[in-house]
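Right, one structure below, let's go through it.
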Amino acid sequence: MGAYLGRGERYPAVEAGCAVRLVAELRERLRALVFRPREEREMDEELQTHLQFETERQMATGFDPVEARRRAHLRLGGMERVKEEVRSARGTRALEEAGQDIRYSLRTLRRHPGFTAAVALSLGLGIGANTAIFSLMDAVLWRTLPVDDPEGLWAVGDRFPYDGFRVLEADDTVLAGAAASVRVPLNVSIDGSLEPTAEGLLVSGRFFSLLGVPPAAGRAIGLEDHQVPGGHPVVMLGDGYWTRRFARDRSVVGRAIAISGLPYTVVGIAPPNFAGVEVGTAPDLYVPVTMQSAVMPALGNRPNAITGQFRVLARLRPGVSPEQAASALEGPVITWVTAELGTRLSPEMGDRATPARIRLAALNLWPGLTPAAAGFSELRDQVSRPLSMLLFVVGTLLLIACANTANLLLARATVRRRELATRLALGAGRSRLMRQLLVESVILAVLGGTVGLAVAYWATHLLVAFMSIGQTPITLDLRPDLRVLGFTALVSLATGILFGIAPAVRATGFSLTSTLRGAVGLGGRRRGWGPDRMLVVVQLALSLVLLIGAGLFARSLAALNNRDFAFDRDRVIVVRVEPQASNTRSRARQGAAGLDRLYRDLLDRVSALPGVVSASLAQFTPSNRMGIERQPTTPSGEVVSLHIPMVYPRYFETVGVPLVAGRDLAARDLDADSAPVAVVNETFARQFYRGGSPVGQPCLVNISPSKRPCQIVGVVRDSAYADFTGDIVATLYQPFLQTAGNRGQMALHVRVAGEPAALMPSIRTMVAETDPTVPHFEARTLAEEVSGVMIRERLLATLASVFGAVALALACVGLYGLLAFAVVGRTAEIGVRMALGASRGDVVFMVLREALLLLAVGGTVGVLIGVAAARLAGSQIEGLLFGLDVIDPVSIAGACVVLVLVATIAAVLPARGAAAIDPTESLRNG
Amino acid sequence: MGFGRADLLQGTLEMLVLRALALEPMHGWGLAQRIEAMSNSVFEIQQGSLYPALQRMKRKGWVRAEWLQTENNRRARYYSITAAGEKRLTAERAQWERTSGAVNGILQWKRGVL
């Protein structure tokens, strides 16, 4: 009676303590795994003992020792089999097999270092590029501020005026607190010596408490520093500045440093990893906003009112929704704005400033509340679109790398057919083989992922440095967080599994006997579009798409760069100069006239420096387009933009803008009572004087305070600044005192004869001597300024080119691999052909023909994909280009040429290899 | 088809091993002999299936093993039953009686009896 029914039934009494049992069982399994060698020894000894006992019993029944032993073995039934079953019963089989697979795979990979390196490198490049871009996007776009409860932070628009902030600060119905901050450059001296310009942050009283950021040492700036304007000369150090400048010496708390000539006490140090609320920047010093007039003399004694620049954050009271808060605050804000606008605009707008109009303007100025968990960022606005584009590019790159890997794996699997067939014949299960091959590709992918992480780390820092050219250095928290690491791990694993499956399946699905007999040989695939050829075509197509993209962005950048800016970028230094209260010059020291005297004094001194060819002042720089804007109507009825900046004489010659008619402004035009004059650019002449010379004609736009008629005295060449990608705007250059505008900050432009870097310190000293309260801005060459403005275009062009080149390299490696492999596989056939009379040239042609075929198909597919992508994403890409259509024939043609050239070179090597085949050798080896 | 030496399925073997070990601890070979003797030689134990079964039971905590000296001063691995094993034996025994009772019932079922 053998059948024992009830195998599937439960044992209710034994289910109690199920969990305990499982834990105990798991412990047993682990123990068995760890002590495996000992277990094997004991099992062997146990079975040997068993055999002895049985042998003795058989001998007792009358058999001789040899026969007894044989019978004992029979009764036990196959020693190895029993051992296998015991091993199976240990419950560690899966883990043991996994361990074996890993060890075997590692050995195999070590035996073929070239292959392993090729795969690890190409995967590493692909994964690394993706991780780098993703990491950047994470740091710039998504990462939340390192503060308490970032999701509870709400921003009031992008920027908000300080007085408006005071209205919010006073609210206690819907808000649980509000804080304001603004970045300012600071003129710092430590122990009497002038320091480089420091990045400062003016903060309101609740800044640190609202964010929940405790000081790392000393105390944080708080409400006690927010009482009396000008009465709190205290400062907090940023962590980076404390490290760089004070070597993390805690005794600095309590010392004094000088800002704009006044001593400030260091009261505390900000914690590490806190870098203000603007992503991409890191303040060196934190100063209470009540000290604003002392550190930012240009703004006079009140932080800028209507057009304010503050970043304002607030938290809501419990139970209040953002919409409730926004509408509750609307009233007080509008009241304030109305009052302000009323007093400020009425003189200028006269009777156009009706209460209704003012109220409408006020409503428009209230931005409501927006979530601010990720803080503010100018950098974000600049690079978010290029970065998204780049993500697409690197995604394509990864695809190419994966295709390469898959091809390499396929090729290897085919080469190993004999080995796999032997293993199958020896009894390995097909699934076991596949598992082992999969483990190999996963290990390769993990290797690639590790290389990728290293590449990403290096690339990210390089990228940030690159983006920082020409502007204040960008500071980002680039530590890889879980998101980025998880992303990398996911991509690596997915790659390994995805592109290891197909080769693994193919490798184990072939006929045993024919392979062992060698009938198929090593070549494997013959005619027909097998996966290997398809993969190479895909690689070629995708790299063509990337090359086209690279061509587009590179041409766009070149066009921008070569655009006739009509100014000389390399020999001109630019320094911003913002003396006391120059922001509203009517309130400046002794008014506009006083400022003018200061500027003229500065110009005289700087012009006297050795090495200086000429010096002048202008209101604007390439990164900062200041000046009055108007929208007048041309005689032909068109409404155009008009830019009216202030300049000093010799500006045009300093910067290198040629004069095409008339004369430049002269010293005599600068007096307040001289006749109002102006210089215009060619676009102005074209728009307003339609071809005729405007010299001597009236200005057509009157903005001088004296309202006397103004006369045009000269015309200069068009020159683009600040908005390089836009059209040139009509410009009317006016002397400083003759403009009725409100601002008085200027930028010093100095043309030098030698190296600009040599003269920068002297120029800064000169500015300091002229007015010690002027905050020190960094002196830069015009070239650096321009580069800083073109950050997007530079980023795209450089990276697209780099990635395009890498993609091309990968695709060519793939092509080379395929062709070389095919030559090896068809060695016998080639031998036969040559024996039958084919020349070496014919053989070379045969290989090249294959390459050209693949190129043709790949190229066509690539162009089609490129055009389709351009159609789909056209609007996105157009905004990033200058002077080109998205479907640019030159770029496409150029990319094709490059692809064909490089790929042909890649194909020549295998072709030569084929030509070098010795027919007799090949026929003998078959 | 004759009813010669019968074969045992895995679950039954475990139950018999537990029963044998409940009487006294034994090493593997001794266990095989004992079960054969206890069954009046009806069951011929596949010696090769004994060791995997013992390994499984050891993993599940129903038996424990230790190396001891036999009467002839040889080293052998002795298995003994644990408390959990005793519990398992009781449960298996109850299940066996239920099942075999049911099979007996079916075999003795006469026509017409409802």
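Data table
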quantity	calculated
Considering residues of segment A:32-50 that are assigned to a helix (DSSP H, G or I), exposed (fewer than 15 other Cβ atoms within 10 Å of the Cβ) and more than 9 Å from chain B (Cβ to nearest Cβ) only, the residue farthest from the chain's Cα centre (by Cα)	A:Gln48
Per-region count, segment A:303-332, residues closer than 11 Å to A:Pro161 by Cα and either at pLDDT below 85 or touching a helix residue (DSSP H, G or I) at 6+ places or on another chain (Cβ under 6 Å) (or both)	9
Number of positions in segment A:608-636 that are open to solvent by 50 Å² or more (accessible area, probe 1.4 Å) and either within 18 Å of A:Pro756 (Cβ to Cβ) or assigned to a loop (DSSP other than H, G, I, E, B) (or both)	8
A:Arg663 vs. criteria over 46 Å from the mean Cα position of the chain (by Cα) and without any contact (Cβ under 8 Å) to a residue 12 or more places away in the chain	no
Subset tally (residues that are surrounded by fewer than 22 Cβ atoms within 10 Å (Cβ to Cβ), of a type in the set (Val, Ile, Thr) and modelled with pLDDT of 80 or more) for segment A:452-496	2
Hits in segment A:223-278 - residues which are of a type in the set (A, V, I, L, M, F, W, C) and without any contact (Cβ under 8 Å) to a residue 40 or more places away in the chain	A:Leu223, A:Trp242, A:Phe246, A:Ala247, A:Val252, A:Val253, A:Ala256, A:Leu262
Candidate set: segment A:61-91, residues that are small (Gly, Ala, Ser) and closer than 15 Å to A:Arg36 by Cα; chosen: the one least open to solvent (accessible area, probe 1.4 Å)	A:Ala89
Helices (runs of 4 or more DSSP H) within segment A:138-256 that include 1 or more residues open to solvent by 30 Å² or more (accessible area, probe 1.4 Å) and polar (S, T, N, Q)	A:207-211, A:239-246
Flag for A:Gln100 being more than 10 Å from every other protein chain (Cβ to nearest Cβ), part of a helix (DSSP H, G or I) and open to solvent by less than 20 Å² (accessible area, probe 1.4 Å)	no
Single unsatisfied condition, A:Leu808 versus (1) modelled with pLDDT of 80 or more; (2) farther than 18 Å from A:Met467 by Cα; (3) open to solvent by 30 Å² or more (accessible area, probe 1.4 Å)	(3)
Filter result for B:Gln47 (under 22 Å from A:Gln48 (Cβ atoms) and in contact with a Leu (Cβ under 6 Å, 6 or more places away or on another chain))	yes
Matching option when the condition is open to solvent by 20 Å² or more (accessible area, probe 1.4 Å), modelled with pLDDT of 80 or more, among the charged types (D, E, K, R) and in contact with a strand residue (DSSP E or B) (Cβ under 9 Å, 6 or more places away or on another chain), among A:Arg385, A:Arg380, A:Arg423	A:Arg380
Odd one out for A:Leu782 among (1) buried (at least 23 other Cβ atoms within 10 Å of the Cβ); (2) within 23 Å of A:Val857 (Cβ to Cβ)	(2)
Candidates A:Thr290, A:Thr281, A:Thr265, filtered to the one that is surrounded by fewer than 18 Cβ atoms within 10 Å (Cβ to Cβ) and hydroxyl-bearing (Ser, Thr, Tyr)	A:Thr265
Pair list, Cβ under 7 Å, 6 or more apart: segment A:630-654 residue basic (Lys, Arg), other residue open to solvent by less than 10 Å² (accessible area, probe 1.4 Å) and assigned to a strand (DSSP E or B)	A:Arg630/A:Leu642; A:Arg630/A:Ile644; A:Arg650/A:Ser614; A:Arg650/A:Ser616
Within segment A:1-21, tally of residues that are more than 10 Å from chain B (Cβ to nearest Cβ) and either assigned to a loop (DSSP other than H, G, I, E, B) or at pLDDT 75 or above (or both)	1
Unique match (being in contact (Cβ under 8 Å) with a residue 24 or more places away in the chain, part of a helix (DSSP H, G or I) and either within 23 Å of A:Val393 (Cβ to Cβ) or open to solvent by less than 60 Å² (accessible area, probe 1.4 Å) (or both)) among A:Gly859, A:Gly874, A:Gly883	A:Gly859
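So that you can scan it fast, the table gives a plain yes or no per residue for (1) modelled with pLDDT under 70; (2) assigned to a loop (DSSP other than H, G, I, E, B); (3) acidic (Asp, Glu):
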site: A:Phe684; (1), (2), (3): no, no, no
site: A:Val695; (1), (2), (3): no, yes, no
site: A:Pro709; (1), (2), (3): no, yes, no
site: A:Gly714; (1), (2), (3): no, no, no
site: A:Asp718; (1), (2), (3): no, yes, yes
site: A:Asp723; (1), (2), (3): yes, yes, yes
site: A:Ile728; (1), (2), (3): no, yes, no
site: A:His749; (1), (2), (3): no, no, no
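The values are calculated or read from the model by the stated rules, or taken from the named source; none is laboratory data. If you're wondering where the values come from, they're calculated on a predicted model, not measured in any experiment. Note: ideal-geometry Cβ built from the backbone for every residue, glycine included; neighbour counts use all protein chains shown. We work out accessible area using only protein heavy atoms, side chains counted, and drop any ligands, DNA or RNA first. Shrake-Rupley method; radii C 1.70, N 1.55, O 1.52, S 1.80 Å.
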